[in-house]
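The values are calculated or read from the model by the stated rules, or taken from the named source; none is laboratory data. All values derive from a computational prediction rather than experimental measurement. Because the Cβ atoms are built from the backbone with ideal geometry, glycine has one as well, and the counts that use them run over all protein chains shown. These area figures cover heavy atoms from the full protein model, side chains too; ligands, DNA and RNA do not enter into them. Shrake-Rupley method; radii C 1.70, N 1.55, O 1.52, S 1.80 Å.
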Amino acid sequence: MLRTGSDYIDSLRGRHLDAYFLGEKVTDPAGHPVIGSSIRALAATYDLAHDPDPARRALATAETPEGVVVNRFTHIHRSADDLVKKIKLQRTLGRRVGCCFQRCVGWDALNALFITTHEVDAALGTSYHPRFLRFLAHVQESDLVCQGAMTDVKGDRGARPGRQEDPDLFVHVVRRTADHIVVRGAKAHQTGALGSHEIIVMPTLALGPGEEDYAVSFAVPSDTPGITFVVGRQASDLRAVYDLPLDQGNARFAAHEALTVFDDVTVPLERVFLLGEVAYSGKLVERFAGFHRQSYGGCKAGIGDVLIGAVALAADYNGVAGASHVRDKLVEMVHLNETIYSCGLACSSEGKATPAGSYIIDLLLANVCKQNVTRIPFEMARLAQDLAGGLMSTLPSAKDLANPATGEYLRKYLKGVPGVATEDRMRVLRLIETLTIGRGAVSYLAESMHGAGSPQAQRVVIGRQAPLDEDKEAAKALAGIA
Ligand code: SF4
(Lines give C-alpha, C1' and ligand atoms only; values in the text may rest on other atoms or scores of the structure.)
Protein backbone atom coordinates (compact mmCIF):
# COMPACT_ATOMS: atom_id res chain seq x y z
CA MET A 1 0.00 0.00 0.00
CA LEU A 2 1.25 3.49 -0.85
CA ARG A 3 -0.83 5.79 1.29
CA THR A 4 -1.47 9.45 0.50
CA GLY A 5 -1.11 12.15 3.14
CA SER A 6 -4.85 12.24 3.68
CA ASP A 7 -4.99 8.40 3.97
CA TYR A 8 -2.31 8.72 6.62
CA ILE A 9 -4.23 11.37 8.56
CA ASP A 10 -7.35 9.17 8.39
CA SER A 11 -5.31 6.24 9.73
CA LEU A 12 -4.54 8.19 12.93
CA ARG A 13 -8.23 8.47 13.84
CA GLY A 14 -9.91 6.00 16.20
CA ARG A 15 -6.76 5.07 18.09
CA HIS A 16 -6.74 5.11 21.88
CA LEU A 17 -3.61 7.16 22.49
CA ASP A 18 -2.98 8.21 26.07
CA ALA A 19 -1.43 11.58 25.17
CA TYR A 20 -1.25 14.95 26.94
CA PHE A 21 -0.21 18.52 26.15
CA LEU A 22 -0.49 21.52 28.47
CA GLY A 23 -2.22 19.39 31.06
CA GLU A 24 -4.99 18.26 28.71
CA LYS A 25 -5.65 15.00 26.92
CA VAL A 26 -5.01 15.05 23.17
CA THR A 27 -7.63 12.95 21.42
CA ASP A 28 -7.11 14.11 17.82
CA PRO A 29 -3.46 14.97 17.07
CA ALA A 30 -4.22 15.89 13.43
CA GLY A 31 -6.90 18.38 14.48
CA HIS A 32 -4.98 19.84 17.41
CA PRO A 33 -4.11 23.55 16.94
CA VAL A 34 -0.43 23.05 17.94
CA ILE A 35 0.26 19.41 17.06
CA GLY A 36 -1.72 19.39 13.77
CA SER A 37 1.08 21.15 11.87
CA SER A 38 3.42 18.36 12.94
CA ILE A 39 1.05 15.74 11.53
CA ARG A 40 0.94 17.70 8.26
CA ALA A 41 4.75 17.54 8.05
CA LEU A 42 4.56 13.77 8.49
CA ALA A 43 1.83 13.61 5.84
CA ALA A 44 4.26 15.24 3.38
CA THR A 45 6.33 12.02 3.48
CA TYR A 46 3.27 10.22 2.06
CA ASP A 47 2.28 12.84 -0.47
CA LEU A 48 5.75 12.87 -2.00
CA ALA A 49 5.24 9.23 -3.00
CA HIS A 50 2.38 10.49 -5.23
CA ASP A 51 4.13 13.64 -6.47
CA PRO A 52 3.35 14.55 -10.10
CA ASP A 53 7.11 14.75 -10.75
CA PRO A 54 8.42 11.23 -11.52
CA ALA A 55 11.90 12.13 -10.20
CA ARG A 56 10.43 13.02 -6.79
CA ARG A 57 8.28 9.88 -6.81
CA ALA A 58 11.42 7.85 -7.51
CA LEU A 59 13.05 9.36 -4.43
CA ALA A 60 10.04 8.78 -2.21
CA THR A 61 9.46 5.15 -3.20
CA ALA A 62 11.61 2.04 -3.49
CA GLU A 63 11.29 -1.54 -4.68
CA THR A 64 11.76 -4.44 -2.28
CA PRO A 65 13.71 -7.57 -3.41
CA GLU A 66 10.27 -9.17 -3.98
CA GLY A 67 9.45 -6.43 -6.49
CA VAL A 68 6.92 -4.58 -4.33
CA VAL A 69 6.94 -0.78 -4.44
CA VAL A 70 6.92 0.70 -0.92
CA ASN A 71 7.32 4.13 0.60
CA ARG A 72 11.08 4.65 0.93
CA PHE A 73 10.64 5.49 4.62
CA THR A 74 9.92 1.78 5.18
CA HIS A 75 12.65 0.47 2.86
CA ILE A 76 15.77 -1.51 3.76
CA HIS A 77 18.71 -0.01 1.85
CA ARG A 78 19.94 -2.50 -0.76
CA SER A 79 22.72 -0.45 -2.38
CA ALA A 80 24.86 2.64 -1.94
CA ASP A 81 22.50 4.28 -4.43
CA ASP A 82 19.62 3.67 -1.98
CA LEU A 83 21.65 5.44 0.71
CA VAL A 84 22.30 8.40 -1.62
CA LYS A 85 18.59 8.55 -2.51
CA LYS A 86 17.79 8.68 1.20
CA ILE A 87 19.81 11.89 1.56
CA LYS A 88 18.25 13.42 -1.55
CA LEU A 89 14.76 12.52 -0.30
CA GLN A 90 15.46 14.10 3.08
CA ARG A 91 16.78 17.30 1.51
CA THR A 92 13.72 17.50 -0.75
CA LEU A 93 11.37 17.13 2.22
CA GLY A 94 13.32 19.49 4.50
CA ARG A 95 13.11 22.12 1.80
CA ARG A 96 9.36 21.48 1.35
CA VAL A 97 8.28 21.62 5.01
CA GLY A 98 11.10 23.66 6.64
CA CYS A 99 11.14 21.48 9.74
CA CYS A 100 11.70 17.92 10.92
CA PHE A 101 9.30 15.58 9.09
CA GLN A 102 9.74 12.98 11.85
CA ARG A 103 9.73 9.75 9.88
CA CYS A 104 13.45 8.96 9.63
CA VAL A 105 14.07 7.81 13.20
CA GLY A 106 11.86 4.76 12.76
CA TRP A 107 13.32 4.15 9.30
CA ASP A 108 16.83 4.17 10.73
CA ALA A 109 15.71 1.83 13.52
CA LEU A 110 14.34 -0.61 10.91
CA ASN A 111 17.67 -0.64 9.07
CA ALA A 112 19.75 -1.02 12.24
CA LEU A 113 17.56 -3.90 13.45
CA PHE A 114 17.64 -5.62 10.06
CA ILE A 115 21.43 -5.91 10.33
CA THR A 116 21.65 -6.61 14.06
CA THR A 117 18.94 -9.27 14.33
CA HIS A 118 20.62 -11.15 11.47
CA GLU A 119 23.96 -10.91 13.25
CA VAL A 120 22.61 -12.12 16.62
CA ASP A 121 20.84 -15.08 15.01
CA ALA A 122 23.99 -16.08 13.11
CA ALA A 123 26.10 -15.96 16.26
CA LEU A 124 23.70 -17.34 18.87
CA GLY A 125 21.10 -19.37 16.96
CA THR A 126 18.21 -17.12 18.07
CA SER A 127 15.23 -16.38 15.83
CA TYR A 128 15.00 -12.61 15.98
CA HIS A 129 15.58 -11.93 12.28
CA PRO A 130 12.54 -13.85 10.94
CA ARG A 131 10.41 -12.17 13.60
CA PHE A 132 11.77 -8.80 12.58
CA LEU A 133 11.07 -9.56 8.90
CA ARG A 134 7.42 -10.28 9.75
CA PHE A 135 7.21 -6.93 11.54
CA LEU A 136 8.91 -5.19 8.61
CA ALA A 137 6.41 -6.73 6.18
CA HIS A 138 3.57 -5.36 8.32
CA VAL A 139 5.14 -1.87 8.32
CA GLN A 140 5.70 -1.94 4.56
CA GLU A 141 2.29 -3.41 3.67
CA SER A 142 0.40 -0.88 5.79
CA ASP A 143 2.82 2.01 5.04
CA LEU A 144 3.23 2.86 8.72
CA VAL A 145 5.11 5.55 10.63
CA CYS A 146 7.44 4.07 13.24
CA GLN A 147 8.83 6.08 16.11
CA GLY A 148 12.39 5.10 17.03
CA ALA A 149 12.72 5.12 20.81
CA MET A 150 16.32 5.07 21.94
CA THR A 151 17.05 7.90 24.39
CA ASP A 152 16.44 6.76 27.97
CA VAL A 153 15.83 9.48 30.54
CA LYS A 154 19.04 8.32 32.33
CA GLY A 155 18.62 9.96 35.77
CA ASP A 156 22.09 10.18 37.35
CA ARG A 157 24.37 10.34 34.27
CA GLY A 158 27.24 9.04 36.38
CA ALA A 159 25.50 5.75 37.20
CA ARG A 160 25.00 2.67 34.96
CA PRO A 161 21.40 1.53 34.34
CA GLY A 162 21.41 -1.08 37.11
CA ARG A 163 23.06 1.30 39.60
CA GLN A 164 20.39 4.02 39.49
CA GLU A 165 18.47 4.73 42.65
CA ASP A 166 15.34 4.15 40.55
CA PRO A 167 15.80 1.19 38.16
CA ASP A 168 13.06 2.54 35.86
CA LEU A 169 15.24 5.42 34.60
CA PHE A 170 16.34 3.08 31.79
CA VAL A 171 13.70 1.01 29.98
CA HIS A 172 13.98 -2.56 31.22
CA VAL A 173 12.22 -5.90 31.44
CA VAL A 174 10.35 -6.38 34.72
CA ARG A 175 8.73 -9.75 33.93
CA ARG A 176 9.16 -12.60 31.44
CA THR A 177 6.67 -15.37 30.60
CA ALA A 178 6.63 -18.07 27.94
CA ASP A 179 4.99 -15.79 25.38
CA HIS A 180 5.53 -12.19 26.43
CA ILE A 181 7.61 -9.72 28.42
CA VAL A 182 6.57 -6.75 30.55
CA VAL A 183 8.64 -3.53 30.28
CA ARG A 184 8.86 -0.34 32.32
CA GLY A 185 10.70 2.98 31.90
CA ALA A 186 10.57 6.08 29.71
CA LYS A 187 12.14 7.42 26.52
CA ALA A 188 12.75 11.16 26.10
CA HIS A 189 12.49 13.51 23.08
CA GLN A 190 10.36 11.16 20.97
CA THR A 191 10.05 12.95 17.65
CA GLY A 192 6.67 12.60 15.96
CA ALA A 193 5.34 10.49 18.83
CA LEU A 194 1.63 11.19 18.37
CA GLY A 195 1.82 10.70 14.62
CA SER A 196 3.43 7.26 14.83
CA HIS A 197 1.58 3.99 14.39
CA GLU A 198 4.31 1.89 16.01
CA ILE A 199 7.10 2.47 18.54
CA ILE A 200 10.41 0.64 18.03
CA VAL A 201 12.33 0.55 21.31
CA MET A 202 16.10 0.03 21.43
CA PRO A 203 18.68 0.22 24.22
CA THR A 204 20.35 3.58 24.68
CA LEU A 205 23.96 2.46 25.22
CA ALA A 206 26.39 -0.46 25.05
CA LEU A 207 25.61 -2.84 27.91
CA GLY A 208 27.57 -5.52 29.72
CA PRO A 209 27.09 -8.61 31.90
CA GLY A 210 24.59 -7.99 34.70
CA GLU A 211 22.61 -5.52 32.54
CA GLU A 212 20.60 -8.12 30.58
CA ASP A 213 17.20 -6.71 31.54
CA TYR A 214 18.14 -3.43 29.84
CA ALA A 215 19.29 -5.11 26.61
CA VAL A 216 15.82 -5.17 25.09
CA SER A 217 14.45 -4.15 21.71
CA PHE A 218 10.83 -4.51 20.63
CA ALA A 219 7.98 -2.90 18.70
CA VAL A 220 4.46 -2.12 19.92
CA PRO A 221 1.55 -0.11 18.52
CA SER A 222 1.52 3.43 19.93
CA ASP A 223 -1.85 2.96 21.62
CA THR A 224 -0.79 -0.14 23.58
CA PRO A 225 -2.16 0.01 27.15
CA GLY A 226 0.42 1.35 29.61
CA ILE A 227 2.02 3.82 27.16
CA THR A 228 1.57 7.52 27.96
CA PHE A 229 2.87 10.48 25.93
CA VAL A 230 3.55 13.92 27.38
CA VAL A 231 4.23 16.40 24.56
CA GLY A 232 7.00 18.96 25.20
CA ARG A 233 6.86 22.75 24.89
CA GLN A 234 8.54 24.58 22.03
CA ALA A 235 9.46 28.26 21.82
CA SER A 236 6.47 30.29 20.60
CA ASP A 237 4.30 27.18 20.26
CA LEU A 238 1.17 29.03 21.40
CA ARG A 239 1.39 31.44 18.48
CA ALA A 240 -0.47 28.62 16.69
CA VAL A 241 -3.34 29.13 19.14
CA TYR A 242 -3.43 32.87 19.84
CA ASP A 243 -1.91 34.55 16.79
CA LEU A 244 -2.62 34.99 13.10
CA PRO A 245 -0.74 32.62 10.74
CA LEU A 246 1.69 35.38 9.64
CA ASP A 247 3.18 35.51 13.15
CA GLN A 248 4.05 31.80 13.10
CA GLY A 249 6.54 32.18 10.27
CA ASN A 250 5.78 28.62 9.10
CA ALA A 251 2.11 28.13 9.92
CA ARG A 252 1.67 24.95 7.86
CA PHE A 253 4.41 22.73 9.21
CA ALA A 254 6.19 21.98 12.51
CA ALA A 255 7.34 18.99 14.54
CA HIS A 256 6.62 17.80 18.06
CA GLU A 257 8.41 15.64 20.60
CA ALA A 258 7.12 13.74 23.62
CA LEU A 259 8.26 11.98 26.74
CA THR A 260 7.05 8.40 26.24
CA VAL A 261 6.33 6.41 29.40
CA PHE A 262 6.09 2.61 29.49
CA ASP A 263 4.23 1.65 32.64
CA ASP A 264 4.30 -2.16 32.71
CA VAL A 265 3.63 -2.58 29.00
CA THR A 266 3.05 -6.14 27.78
CA VAL A 267 5.01 -7.04 24.64
CA PRO A 268 4.39 -10.37 22.85
CA LEU A 269 7.63 -12.29 22.16
CA GLU A 270 6.74 -12.15 18.45
CA ARG A 271 7.52 -8.41 18.68
CA VAL A 272 10.80 -8.77 20.66
CA PHE A 273 14.04 -8.35 18.65
CA LEU A 274 16.69 -8.44 21.40
CA LEU A 275 16.30 -9.85 24.91
CA GLY A 276 19.32 -9.98 27.15
CA GLU A 277 22.09 -10.30 24.50
CA VAL A 278 24.14 -7.46 26.00
CA ALA A 279 27.04 -7.85 23.58
CA TYR A 280 24.81 -6.68 20.71
CA SER A 281 23.22 -3.63 22.35
CA GLY A 282 26.24 -1.42 21.56
CA LYS A 283 26.25 -2.58 17.93
CA LEU A 284 22.56 -1.78 17.58
CA VAL A 285 23.09 1.66 19.11
CA GLU A 286 26.10 2.42 16.91
CA ARG A 287 24.31 1.37 13.71
CA PHE A 288 21.12 3.24 14.50
CA ALA A 289 23.08 6.36 15.47
CA GLY A 290 25.21 6.06 12.32
CA PHE A 291 22.13 5.92 10.08
CA HIS A 292 20.56 8.88 11.85
CA ARG A 293 23.78 10.90 11.77
CA GLN A 294 23.79 10.31 8.01
CA SER A 295 20.16 11.54 7.85
CA TYR A 296 21.08 14.99 9.15
CA GLY A 297 23.19 15.64 6.07
CA GLY A 298 19.91 15.58 4.11
CA CYS A 299 17.17 17.06 6.28
CA LYS A 300 19.18 19.92 7.76
CA ALA A 301 20.49 20.90 4.31
CA GLY A 302 16.85 21.07 3.17
CA ILE A 303 15.90 23.41 6.03
CA GLY A 304 19.11 25.35 5.29
CA ASP A 305 17.82 25.87 1.72
CA VAL A 306 14.69 27.49 3.14
CA LEU A 307 16.74 29.71 5.45
CA ILE A 308 19.03 30.82 2.63
CA GLY A 309 16.01 31.58 0.45
CA ALA A 310 14.37 33.59 3.25
CA VAL A 311 17.54 35.60 3.87
CA ALA A 312 17.97 36.31 0.15
CA LEU A 313 14.35 37.52 0.00
CA ALA A 314 14.85 39.71 3.08
CA ALA A 315 17.90 41.25 1.41
CA ASP A 316 15.83 41.93 -1.71
CA TYR A 317 13.01 43.47 0.31
CA ASN A 318 15.47 45.59 2.34
CA GLY A 319 17.11 46.87 -0.84
CA VAL A 320 20.57 45.54 0.04
CA ALA A 321 20.81 42.50 -2.24
CA GLY A 322 23.51 44.18 -4.32
CA ALA A 323 25.80 45.02 -1.40
CA SER A 324 29.02 43.03 -1.65
CA HIS A 325 29.08 41.98 2.02
CA VAL A 326 25.48 40.74 1.75
CA ARG A 327 26.31 38.69 -1.34
CA ASP A 328 29.39 37.32 0.40
CA LYS A 329 27.42 36.23 3.48
CA LEU A 330 24.87 34.49 1.27
CA VAL A 331 27.73 32.70 -0.51
CA GLU A 332 29.07 31.67 2.91
CA MET A 333 25.66 30.25 3.87
CA VAL A 334 25.49 28.25 0.64
CA HIS A 335 29.02 26.96 1.20
CA LEU A 336 28.16 25.88 4.77
CA ASN A 337 24.89 24.24 3.75
CA GLU A 338 26.46 22.30 0.89
CA THR A 339 29.22 21.14 3.26
CA ILE A 340 26.77 19.17 5.41
CA TYR A 341 24.99 17.85 2.30
CA SER A 342 28.36 16.71 0.92
CA CYS A 343 29.02 14.82 4.16
CA GLY A 344 25.61 13.11 3.87
CA LEU A 345 26.36 12.10 0.28
CA ALA A 346 29.90 10.97 1.10
CA CYS A 347 28.97 8.58 3.92
CA SER A 348 26.20 7.21 1.69
CA SER A 349 28.17 6.63 -1.48
CA GLU A 350 30.89 4.95 0.62
CA GLY A 351 28.22 2.59 2.00
CA LYS A 352 29.04 -1.12 2.28
CA ALA A 353 27.08 -4.36 1.97
CA THR A 354 26.25 -6.16 5.24
CA PRO A 355 26.03 -9.94 5.76
CA ALA A 356 22.26 -9.46 6.17
CA GLY A 357 22.04 -8.30 2.54
CA SER A 358 21.42 -4.62 3.24
CA TYR A 359 23.73 -1.60 2.99
CA ILE A 360 25.17 0.51 5.78
CA ILE A 361 26.78 3.95 5.66
CA ASP A 362 30.47 4.58 6.26
CA LEU A 363 30.37 5.09 10.02
CA LEU A 364 33.35 7.44 10.25
CA LEU A 365 31.97 9.77 7.57
CA ALA A 366 28.43 9.64 9.03
CA ASN A 367 29.79 10.78 12.38
CA VAL A 368 31.82 13.53 10.73
CA CYS A 369 28.58 14.56 8.99
CA LYS A 370 26.69 14.91 12.27
CA GLN A 371 29.62 16.62 14.00
CA ASN A 372 29.47 19.30 11.30
CA VAL A 373 25.71 19.54 11.77
CA THR A 374 26.23 20.36 15.47
CA ARG A 375 28.02 23.53 14.32
CA ILE A 376 27.02 24.65 10.82
CA PRO A 377 23.29 25.43 11.32
CA PHE A 378 24.25 27.64 14.28
CA GLU A 379 26.63 29.65 12.10
CA MET A 380 23.94 29.77 9.40
CA ALA A 381 21.48 31.12 11.98
CA ARG A 382 24.01 33.79 13.02
CA LEU A 383 24.46 34.91 9.43
CA ALA A 384 20.69 34.86 8.84
CA GLN A 385 20.04 37.08 11.86
CA ASP A 386 22.85 39.40 10.78
CA LEU A 387 21.31 39.81 7.33
CA ALA A 388 17.68 39.94 8.50
CA GLY A 389 18.38 42.99 10.67
CA GLY A 390 17.05 43.88 14.10
CA LEU A 391 13.45 44.21 12.92
CA MET A 392 13.17 40.42 12.97
CA SER A 393 13.21 40.58 16.77
CA THR A 394 11.04 43.67 17.33
CA LEU A 395 8.38 43.22 14.68
CA PRO A 396 4.82 44.09 15.82
CA SER A 397 2.16 41.41 15.44
CA ALA A 398 -0.08 40.62 12.49
CA LYS A 399 -3.01 41.65 14.70
CA ASP A 400 -1.52 45.14 14.87
CA LEU A 401 -1.25 45.09 11.10
CA ALA A 402 -4.95 44.20 10.94
CA ASN A 403 -5.94 46.86 13.49
CA PRO A 404 -7.29 50.05 11.80
CA ALA A 405 -5.66 52.14 14.56
CA THR A 406 -2.12 50.90 13.78
CA GLY A 407 -2.17 49.02 10.50
CA GLU A 408 -1.50 52.02 8.25
CA TYR A 409 1.42 53.12 10.44
CA LEU A 410 2.99 49.68 10.11
CA ARG A 411 2.45 49.58 6.35
CA LYS A 412 4.04 53.02 5.98
CA TYR A 413 6.94 52.80 8.44
CA LEU A 414 7.95 49.14 8.06
CA LYS A 415 8.04 49.25 4.28
CA GLY A 416 11.19 48.22 2.45
CA VAL A 417 11.79 48.66 -1.28
CA PRO A 418 8.97 50.00 -3.49
CA GLY A 419 6.79 47.28 -5.02
CA VAL A 420 7.03 44.87 -2.06
CA ALA A 421 4.12 44.79 0.38
CA THR A 422 5.05 45.46 4.02
CA GLU A 423 3.12 42.30 4.87
CA ASP A 424 5.45 40.20 2.70
CA ARG A 425 8.49 41.76 4.37
CA MET A 426 6.96 40.79 7.72
CA ARG A 427 6.26 37.25 6.50
CA VAL A 428 9.84 36.57 5.51
CA LEU A 429 11.22 38.04 8.74
CA ARG A 430 8.86 35.83 10.74
CA LEU A 431 10.09 32.80 8.80
CA ILE A 432 13.71 33.65 9.68
CA GLU A 433 12.62 34.24 13.27
CA THR A 434 10.95 30.84 13.65
CA LEU A 435 13.89 29.00 12.07
CA THR A 436 16.48 30.69 14.27
CA ILE A 437 14.79 31.46 17.61
CA GLY A 438 11.20 30.24 17.36
CA ARG A 439 9.41 26.95 17.07
CA GLY A 440 11.26 25.97 13.90
CA ALA A 441 14.59 26.34 15.73
CA VAL A 442 13.79 23.16 17.65
CA SER A 443 14.07 21.33 14.31
CA TYR A 444 16.90 23.39 12.90
CA LEU A 445 19.13 24.07 15.91
CA ALA A 446 18.28 22.02 19.01
CA GLU A 447 17.93 18.83 16.96
CA SER A 448 21.17 19.63 15.13
CA MET A 449 22.96 19.79 18.46
CA HIS A 450 21.43 16.82 20.28
CA GLY A 451 19.46 14.69 17.82
CA ALA A 452 21.16 11.37 16.96
CA GLY A 453 23.51 12.03 19.86
CA SER A 454 25.15 15.15 21.29
CA PRO A 455 28.51 16.30 19.85
CA GLN A 456 30.69 14.24 22.19
CA ALA A 457 28.97 11.02 21.09
CA GLN A 458 30.21 11.56 17.54
CA ARG A 459 33.73 12.36 18.72
CA VAL A 460 33.87 9.02 20.53
CA VAL A 461 33.00 7.15 17.32
CA ILE A 462 35.30 9.32 15.20
CA GLY A 463 38.13 8.51 17.61
CA ARG A 464 37.34 4.79 17.38
CA GLN A 465 36.92 4.69 13.60
CA ALA A 466 39.86 6.92 12.64
CA PRO A 467 42.51 4.91 10.71
CA LEU A 468 45.39 6.25 12.82
CA ASP A 469 47.61 3.18 12.30
CA GLU A 470 47.35 3.52 8.52
CA ASP A 471 48.04 7.24 8.82
CA LYS A 472 51.14 6.52 10.91
CA GLU A 473 52.40 4.07 8.28
CA ALA A 474 51.94 6.72 5.59
CA ALA A 475 53.88 9.23 7.68
CA LYS A 476 56.64 6.70 8.43
CA ALA A 477 57.02 5.84 4.76
CA LEU A 478 57.52 9.47 3.79
CA ALA A 479 59.75 10.28 6.74
CA GLY A 480 61.96 7.28 6.02
CA ILE A 481 61.25 5.54 9.34
CA ALA A 482 61.78 1.78 9.10
FE1 SF4 B 1 14.29 13.03 9.81
FE2 SF4 B 1 15.91 15.05 10.26
FE3 SF4 B 1 13.71 14.79 11.69
FE4 SF4 B 1 15.71 13.10 12.10
S5 SF4 B 1 15.76 15.30 12.47
S6 SF4 B 1 13.54 12.57 11.86
S7 SF4 B 1 16.54 12.94 10.01
S8 SF4 B 1 13.82 15.16 9.49
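Listed by first and then second residue, the pairs with beta-carbon distance under 7 Å, at least 6 apart or on different chains, first residue in the range 83-109 and over 14 Å from Ala452 (Cβ atoms), second of a type in the set (Phe, Trp, Tyr) and within 10 Å of the ligand (Cβ to nearest atom), are Leu93/Phe101; Arg103/Phe73.
If you scan the range 282-330, which residues turn out to be among the charged types (D, E, K, R) and either more than 16 Å from the ligand (Cβ to nearest atom) or open to solvent by 50 Å² or more (accessible area, probe 1.4 Å) (or both)?
Matches in the range 282-330: Lys283, Glu286, Asp316, Arg327, Asp328, Lys329.
One residue alone among Arg56, Arg13 is closer than 18 Å to Ser222 by Cα, without any contact (Cβ under 8 Å) to a residue 40 or more places away in the chain, surrounded by fewer than 20 Cβ atoms within 10 Å (Cβ to Cβ) and touching a helix residue (DSSP H, G or I) at 6+ places or on another chain (Cβ under 8 Å), and that residue is Arg13.
The single condition from (1) away from the ligand (no atom under 16 Å from the Cβ); (2) among the β-branched types (Val, Ile, Thr); (3) open to solvent by 10 Å² or more (accessible area, probe 1.4 Å); (4) within 22 Å of the chain's Cα centre (by Cα) that Val171 fails is (3). The set of residues in the range 395-423 being buried (at least 16 other Cβ atoms within 10 Å of the Cβ), part of a loop (DSSP other than H, G, I, E, B) and among the β-branched types (Val, Ile, Thr) consists of Val420 alone. Listed here are the helices (runs of 4 or more DSSP H) enclosed by the range 313-394 that have at least 1 residues being of a type in the set (Ser, Thr, Tyr) and touching a residue at least 24 places away in the same chain (Cβ under 8 Å): 324-349, 391-394. Here the range 204-220 is the region considered, the condition is being open to solvent by less than 50 Å² (accessible area, probe 1.4 Å) and outside any loop (DSSP other than H, G, I, E, B), and the residue that is nearest to Leu275 (Cα to Cα) is Val216. When the criteria are applied in full, Leu435 fails the requirement of being part of a helix (DSSP H, G or I) and either at pLDDT below 95 or more than 18 Å from the chain's Cα centre (by Cα) (or both).
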